Amino acid sequence: MTNTAVTKSIIHVAGYKSCGFYRRAASVVASLSILFPNKLQVVEHEFTSREEYREWLINSGSDGGFRDKVTNKVGNLRANTFTSSPFCWLANTSDSNNVDDITDFIGGCDDTLDWCRNFAQPPSSTVQKEEEIANMVPDGHTPSHSYDYDLLILGGGSGGLAASKEAARLGARVAVLDYVKPSPAGSKWGLGGTCVNVGCIPKKLMHNAALLSEGYVKDQSHYGIGVTSELEEQWMGMSQDNDHSTTSQSWETLKNNVQNHIRGLNFKYRVDLREKEVTYLNQLGSFIDEHTVETIDKKGTKGSITFSRCLIAVGGRPTPISCEGGELAVSSDDIFSLDTDPGKVLCVGASYISLECAGFLRGICKDVTVAVRSILLRGFDRECADLIGGHMKSEGVKFREGVVPTKLEKVNGDKIKVTFSSGESDEYDTVLGAIGRSGDTGKLGLDKVGIQVNPKNSKIAAKYEQTSTPNIYVIGDVMDGCPELTPVAIHAGKALARRLFGGSTLPMDYRNICTTVFTPLEYGTVGYSEDDAIAEFGKENLDIYHKYFVPLEWSISPSRGEHQGFCKAIVDKHTGKVLGLHYLGPNAGEVMQGFGTAMKLGCTFEDIIETVGIHPTTAEEFTTLSITKESGEDAAAAGC
Ligand code: FAD
Ligand code: NA7
């Protein structure tokens with residue numbers, strides 16, 4: 001059966017016409033239903049007299065009145081003794097005669113008004129958080145103090161820079177220390193932190209190189225684009241770039257252009273800080289005490305800076321491979337700036353970074369193997385992770401399942417021989433370790449300020465970004481439990497600056513953060529994975545809508561083979577609230593961003609399918625979801 005039914009709250013209000021309490025309850029729920037037409041429907045049962053009402057409620061028939069039926073259906077004993085007007089209940093339908101559809105008893109007028117208050121209020125956790133924030137531990141900051149700065153920020157990455165500019169805008173005197181310790185392989189970079197130098201930005205550009213390459217190989221000829229001298233001449237008229245005649249991929253060109261773009265961004269960040277009147281110092285900081293850091297620059301010159309408040313935003317660094325010869329592996333700190341073509345690559349690790357790197361390297365025609373210790377993409381939706389793995393295999397990425405490297409050694413000049421826990425071995429030009437990241441706290445001198453780190457990941461615990469030492473705060477990748485994502489660090493940094501210097505009480509909201517994994521088949525997601533939703537809410541309480549589809553842009557390219565897109569919505573069966581959305585297909589980040597807003601607003605499945613789609617897009621597939629897993633129907637999409 002195709003299941004398109006969406007649950008919205010249907011509230012029934014029964015009472016007699018002249019009863020003021022009945023009229024009051026009915027008018028409040030009616031107003032709410034006007035405000036939330038997709039979420040609330042009201043059914044009024046108005047009796048002309050008190051007698052008629054009581055006959056219906058208490059006496060009618062041999063089985064008793066309506067209140068007895070409600071008690072029998074939902075087991076609420078209070079309903080059984082109820083005598084006044086109104087009598088309000090919730091049901092799955094607007095049919096008052098169908099007792100089987102009753103889901104809950106609400107009560108009389110006051111109970112109904114309470115129910116309405118809860119319905120209309122934001123989740124109580126948000127309200128409570130704002131109150132708690134206002135009561136954060138006092139940190140001793142006063143506008144007039146004798147320290148060098150109101151706020152000293154350790155780390156000029158995504159979070160540190162955002163916080164610094166916001167605090168300066170609010171009138172604080174701010175300094176940022178940013179210093180890059182070279183990677184074990186010797187890579188260094190400029191201002192801006194992980195995202196811009198060795199993370200999101202080079203990764204996305206190289207992913208784009210892979211997509212272009214894939215499109216060139218798979219789609220171009222089917223779109224009638226053959227590279228002829230005539231076409232080249234046409235292009236020459238518009239652009240100086242006439243190198244369309246070959247699919248060969250130049251690592252040097254790609255790497256140089258990516259690195260040049262990054263250097264441009266490093267420069268812009270420095271200018272931006274100057275314009276916003278934030279002091280930037282290219283120095284490494286470590287604590288001397290709760291109001292002083294020692295600084296050291298690249299020449300080894302030492303100094304010290306005092307501050308009223310400090311924000312630790314030092315991010316994380318890749319965890320090195322610890323087996324014998326592990327130092328021969330590079331990490332994501334090095335891969336985007338390798339001087340030589342990476343050649344045949346082994347990616348160790350099977351999560352976000354390893355799979356993204358394996359994906360783009362394969363896309364630019366490298367021989368790539370992934371060493372998987374256990375599963376792909378732990379923590380993400382299992383069904384989607386498996387579809388990504390299947391797609392990568394079909395694209396030529398090799399997987400060694402259930403192994404870890406036990407030894408790396410240099411052989412035959414520059415080759416690296418890797419022995420795996422299975423006893424097998426192979427030789428590679430490059431070994432990329434992507435087995436997780438740890439907080440960059442080793443040399444911060446945290447012991448001098450009484451802050452401890454989680455021994456498992458070297459990260460710092462905090463409540464509302466405040467550490468155990470009240471005038472020292474922490475945001476971004478180095479905060480224990482914080483999702484390792486750039487926009488999270490930015491948002492948390494701005495929100496904290498507003499609370500510290502702008503009188504705000506708004507906490508950072510870490511729930512329902514949407515993200516995208518830029519594997520060759522891109523994966524956008526927000527909210528619960530299917531497994532996590534089942535574990536938390538129970539399978540019987542969920543509707544899982546799913547659909548396979550062929551993105552239009554792939555549909556005239558037989559070389560795309562059986563490749564398909566996929567989308568899935570995990571929905572609370574009773575409230576219709578969307579708990580998780582998952583999308584596999586082109587432009588996953590662009591598709592998912594708007595749904596992130598919808599999720600933040602607490603959207604229901606009906607809100608999504610009632611949204612008129614944009615045609616022809618892949619994002620519109622969400623608006624056409626109708627098949628639940630429970631129904632057993634084929635989830636393959638029909639044409640438009
Ligand atoms: P960082 O950006 O790491 O900045 C910390 C800065 O502090 C660094 O410059 C560091 O050198 C400096 N520092 C450290 N110690 C000191 C000290 N003692 N004194 C002075 N300075 C110091 N996120 C996304 O949202 N989307 C993506 O697509 C994405 N892709 C990624 C791909 C890769 C390969 C990687 C590694 C990460 C990716 N991320 C992505 C994650 C994202 O880059 C991080 O979440 C983000 O950069 C964290 O920002 P931050 O401010 O916490 O720290
Ligand atoms: P993650 O998400 O912490 O994943 C680490 C991966 O490495 C995961 O597949 C692990 O397998 C694997 N792993 C961990 N330790 C080892 C060892 N010792 N040997 C082999 N494989 C290992 O880290 P990422 O680097 O992918 O991403 C970190 C964040 O950066 C990410 O959230 C992005 O937002 C940016 P496991 O599943 O534990 O068996």
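The values are calculated or read from the model by the stated rules, or taken from the named source; none is laboratory data. If you're wondering where the values come from, they're calculated on a predicted model, not measured in any experiment. So basically every Cβ, Gly included, is an ideal-geometry build from the backbone, and we count neighbours across all protein chains shown. When the accessible area is computed, the model is the full protein with side chains, heavy atoms only, and any ligands, DNA or RNA have been set aside. Shrake-Rupley method; radii C 1.70, N 1.55, O 1.52, S 1.80 Å.
Not counting ligands, DNA or RNA, and with a 1.4 Å probe, what is E409's accessible surface area in Å² rounded to the nearest 10?
Only protein atoms counted, so the area is about 50 Å².
What residues have an amide H closer than 5 Å to that of G580, excluding those fewer than 5 places away on the same chain, when H is modeled at 1.01 Å from N in the peptide plane?
Y528, I570
Run through every distinct alpha carbon pair of the stretch 242-379 and return the Kirkwood hydrodynamic radius in angstroms, one decimal place. Mind dumping the intermediate values first?
Numbers: mean 1/r = 0.0524 Å⁻¹.
Answer for the stretch 242-379: a Kirkwood hydrodynamic radius of 19.1 Å.
Percentage of Cα-Cα pair distances in the stretch 1-94 greater than 16 Å, rounded to whole percent? Intermediate results must be reported in sequence, preceding the final value.
Working: 2586 of 4371 pairs.
Cα-Cα pairs in the stretch 1-94 separated by more than 16 Å: 59 percent.
Could you calculate the contour length gain from E536 to D386, that is, 0.36 nm times the residue separation minus the distance between their Cα atoms, to one decimal place in nm? All intermediate terms of the calculation are to be shown ahead of the outcome.
Details: separation 150, 0.36 × 150 = 54.00 nm, distance 2.19 nm.
Difference between extended and current length: 51.8 nm.
In straight Cα distance, which aspartates and glutamates are under 13 Å from K298, not counting same-chain residues fewer than 8 positions off?
Within the straight-line cut-off, K298 pairs with D178.
Tabulate in residue order the Karplus-calculated ³J(HN,Hα) for the stretch 181-190, using 6.51 cos²θ - 1.76 cosθ + 1.60 with θ = phi - 60°, rounded to whole Hz; enter x for Gly and Pro.
7, x, 5, x, 7, x, 6, 9, 7, x
What are the ³J(HN,Hα) values, in whole Hz, obtained from phi via the Karplus relation 6.51 cos²θ - 1.76 cosθ + 1.60 with θ = phi - 60°, for each residue of the stretch 311-317 in sequence order, with x given for Gly and Pro?
10, 8, 9, 8, x, x, 9
If the limit is 25 Å between Cα atoms, which of K302/K463; K181/K344; K8/K568 go over it?
K302/K463; K181/K344
Calculated FRET efficiency, K299 and Y223, Cβ-Cβ r, R0 60 Å, to nearest 0.05? Could the numbers behind the result be given before it?
Working: r = 56 Å, r/R0 = 0.93.
After rounding, the FRET efficiency stands at 0.60.
How much of M479 can a 1.4 Å solvent probe reach, expressed as accessible area in Å² and rounded to 10?
20
Counting only residues 5 or more places away or on other chains, whose amide H sits under 5 Å from the amide H of I153 once H atoms are built in the peptide plane?
Those qualifying (amide H under 5 Å, at least 5 residues apart or on another chain) are A175, V176, L177, L311.
Please list the radius of gyration and Dmax for the stretch 274-342, considering alpha-carbon atoms only, with Å as the unit.
Rg and Dmax of the stretch 274-342, Cα atoms, are 17.4, 49 Å.
In whole percent, and with a 1.4 Å probe on the protein chains, what portion of the accessible area of the stretch 252-379 is carbon and sulfur? Please list the in-between numbers first.
Details: 2830 of 5810 Å².
In the stretch 252-379, the share of accessible area belonging to carbon and sulfur is 49 percent.
Straight-line reach from K255: which lysines have a Cα under 16 Å away, not including same-chain ones fewer than 8 places off?
K188, K203, K204, K366
In Å, what is the Rg of the alpha-carbon atoms in the chain, and how long is Dmax?
In order Rg, Dmax, the Cα atoms of the chain give 29.9, 99 Å.
Given N residues in the stretch 373-443, what is its alpha carbon radius of gyration divided by 2.2 N^0.38 Å? List each step's numbers first, then the result.
Working: Rg = 15.2 Å, N = 71, 2.2 N^0.38 = 11.1 Å.
So the stretch 373-443 has a normalised radius of gyration of 1.37.
The stretch 316-410: D in µm²/s via Stokes-Einstein (Kirkwood Rh, Cα pairs, 10 °C, 1.306 mPa s)?
Working: Rh = 13.9 Å.
Once the numbers are plugged in, D ends up at 114 µm²/s.
For K276, go through the lysines and keep the ones whose alpha-carbon is under 16 Å away, minus same-chain ones fewer than eight residues off.
K165, K268, K494
From the backbone phi of the stretch 329-334, what are the Karplus-calculated ³J(HN,Hα) couplings (6.51 cos²θ - 1.76 cosθ + 1.60, θ = phi - 60°) in whole Hz, Gly and Pro given as x?
With the stated coefficients, the stretch 329-334 comes to 7, 9, 10, 5, 5, 10 Hz.
Please work out the average accessible area per residue across the chain, using the 1.4 Å probe convention, and give it in Å². Spell out each step's value before the answer.
On the way: 30380 Å² over 640 residues.
Ligands and nucleic acids excluded, the figure is 47 Å² per residue.
Kindly provide the pair-distance distribution of the stretch 512-640 built from C-alpha pairs, with 10 Å bins from 0 and whole-percent values in order of increasing distance.
Pairs per bin, as whole percents: 13, 46, 34, 7, 0.
In whole percent, and with a 1.4 Å probe on the protein chains, what portion of the accessible area of the stretch 1-79 is carbon and sulfur? Could the numbers behind the result be given before it?
Numbers: 2170 of 4340 Å².
Carbon and sulfur atoms account for 50 percent of the accessible area of the stretch 1-79.
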